[in-house]
Structure formats: structure tokens, C-alpha cells
Amino acid sequence: SKCSEDFLTVENLNNLAVESWYKTYDDFTLALNSCYCSLPDGGLYGLQHTLLFNAFEDRVLFETTGFDQFNINSTTGNVSNMWRAVYFGLYRPSMLIRNLKDKNVNDIEGMKDEAVKNNYLAQAKTLRAMTYFILVTVFDRPIFYNENSIPDEDLRADLTNGAREDFWNQIETDLTEAIPYL
């Protein structure tokens, strides 16, 4: 007897598709945990941000190529690593907010109550506000997006600079909305 095509079709349980995510309390908990991953990343507080903004002392300048002449620009690995880490810190909370804000707690398997949902949103908004602050103060007018305008294409696509006001307004909105639930 021959094998049919159906026999060869196998669902890969190790590959999580976006469509299968954001359904359960555990999904949202894991998503929230991932929002914190950019903080200790080597591009942010794990190294580069701290190195670039807090550590210009003799030993660092002497032992780090290019720093001794303050030769730092957008193509420097330190800066591009920080850019990458900060945008992870923007993307993940924005995705969590997008997928949680309009959901009814009863539609999320295992979600205890509205207070848990609001706390998760508040944590994501606070982390995102911190990320916006870094972006607008360090990079001046970087790419702006929030949960309503996350680029669906490759994030390396040709995206335009944002307006500084958009960052400051979103920081104020995010923190104002987060405060009652933290």
C-alpha cells in the first residue's frame, strides 16, 4: 500500500506560530517576562548603555578601541547593539499590549481576573515608556511605533524617523495609564 500525502503532513510542535500565541494566561505571563529581557541584554544595561554613558574613565578609554578618541557613531558596534536591544524593549511590550488590551479576561484560559490583566498591561506600558525615553533622549528622532502601528514587515525595512512629540506624548500616556495598576 502507498503512503498518502496526509501521512507526510506533520505539525511542528516546536515552532510556535503567532496565531497560536496569546491565548492563555501562561502565554501572557511568558510574553510579559520576555518584555524584561532587553534590560540585561548586552546592548543595554548588561553592557553597552552602561559603557557608553556611565563608564568613561581612564581604564575604559585606554582598553576600548576607539573610545580613547571618542570615536563613537551609528556604525559603532556599541551603538548598534544598544539600538537592537532598545527596539526589542519596544517591540515586545507593544505586542503584549496589542494582544491583551481589548481581550476579555473570560476569553483568556487561566487568567484569574481583571486586576491581573491590568497589572500585566501596566508593567508592559511602564517598560515601554522607559524604552521610549531612552530612544528619544539618546537617538533624538528614531523610528516611532506603538501597539497600533507595529511594523508588520522586517524591522530593518526603510522606516522613517518619528517626531519627538510622539515619544513624549506616548510616555505620558503609558505612565498615566499604568500608575493605578502598579
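The values are calculated or read from the model by the stated rules, or taken from the named source; none is laboratory data. Since we're looking at a predicted model, the values are computed, not measured. Cβ sites come from the backbone with ideal geometry, for glycine too, and all protein chains shown count toward neighbours. Just the protein is used for accessible areas: all its heavy atoms, side chains included, with ligands, DNA and RNA removed. Shrake-Rupley method; radii C 1.70, N 1.55, O 1.52, S 1.80 Å.
Which residue pairs have Cβ atoms under 9 Å apart, sit 6 or more places apart or on different chains, and have a first residue in segment 20-32 that is under 13 Å from K117 (Cα atoms) and a second that is among the polar types (S, T, N, Q)?
Listed pairs, sorted by first residue: Y22/N99; D27/S20; D27/N99; F28/N99; A31/N99; L32/Q123.
Within segment 150-168, count every residue that is open to solvent by 90 Å² or more (accessible area, probe 1.4 Å) and assigned to a helix (DSSP H, G or I).
Looking only at that region, the number is 2.
What single numbered condition from (1) out of contact with any strand residue (DSSP E or B) (no Cβ under 8 Å at 6 or more places or on another chain); (2) over 14 Å from E177 (Cα atoms); (3) open to solvent by 10 Å² or more (accessible area, probe 1.4 Å) fails to hold for K125?
Condition not satisfied by K125: (2).
Scan segment 87-102 for residues that are open to solvent by 10 Å² or more (accessible area, probe 1.4 Å) and assigned to a helix (DSSP H, G or I) and jot them down.
Answer for segment 87-102, where residues must be open to solvent by 10 Å² or more (accessible area, probe 1.4 Å) and assigned to a helix (DSSP H, G or I): Y87, F88, Y91, R92, M95, R98, N99.
Given the structure, is C3 assigned to a loop (DSSP other than H, G, I, E, B), open to solvent by 40 Å² or more (accessible area, probe 1.4 Å) and modelled with pLDDT of 90 or more?
So C3 fails the test.
Okay, residues lined up against (1) open to solvent by 40 Å² or more (accessible area, probe 1.4 Å); (2) under 16 Å from G43 (Cβ atoms); (3) more than 16 Å from the chain's Cα centre (by Cα); (4) aliphatic (A, V, I, L, M):
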position: A85; (1), (2), (3), (4): no, yes, no, yes
position: E109; (1), (2), (3), (4): yes, no, yes, no
position: T131; (1), (2), (3), (4): no, yes, no, no
position: N148; (1), (2), (3), (4): yes, no, no, no
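From I143, I179, I171, I134, grab the single residue that is outside any helix (DSSP H, G or I) and among the aliphatic types (A, V, I, L, M).
Answer to the check: I143.
Are there helices (runs of 4 or more DSSP H) fully within segment 15-66 with at least 3 residues that are touching a His at 6+ places or on another chain (Cβ under 6 Å), at pLDDT 70 or above and farther than 21 Å from M95 by Cα? List them.
Here the list is empty.
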